[in-house]
1. Of the conditions (1) surrounded by 12 or more Cβ atoms within 10 Å (Cβ to Cβ); (2) modelled with pLDDT under 90; (3) acidic (Asp, Glu), residue 11 clears all except one; give me its number.
2. Which residues, taken from the range 1-49, are part of a helix (DSSP H, G or I) and of a type in the set (Lys, Arg)?
3. Does residue 61 fit the bill of being part of a helix (DSSP H, G or I), open to solvent by 80 Å² or more (accessible area, probe 1.4 Å) and modelled with pLDDT under 80?
Amino acid sequence: MNPFQVREILEQLAEYLSVKQIVVVLFMEVFNFTAKETAGMLRDTEISVYKMGTSLWCVVEQNMNF
């Protein structure tokens, strides 16, 4: 994937996701932080972050053409 495709995908995600959801995607999928590390940075529970991260892929698959 080239940088322009990545930018376009991130812009599309911004239309569907909250700021917190975008942060979870970036931390876990781009920067490879664990749910535990991400939860610590967001001051949230690990379970909440993990559920948010996995449910986001359902939104992505339903609303975007990859």
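1. All conditions pass for residue 11, except number (1).
2. 7, 20, 36
3. Answer is yes for this residue.
The values are calculated or read from the model by the stated rules, or taken from the named source; none is laboratory data. Remember, predicted model here, so these are calculated numbers, not experimental data. FYI the Cβ positions are ideal-geometry reconstructions off the backbone, even for glycines, and counts take in every protein chain you see. These accessible areas exclude ligands, DNA and RNA; they are computed on the full protein's heavy atoms, side chains included. Shrake-Rupley method; radii C 1.70, N 1.55, O 1.52, S 1.80 Å.
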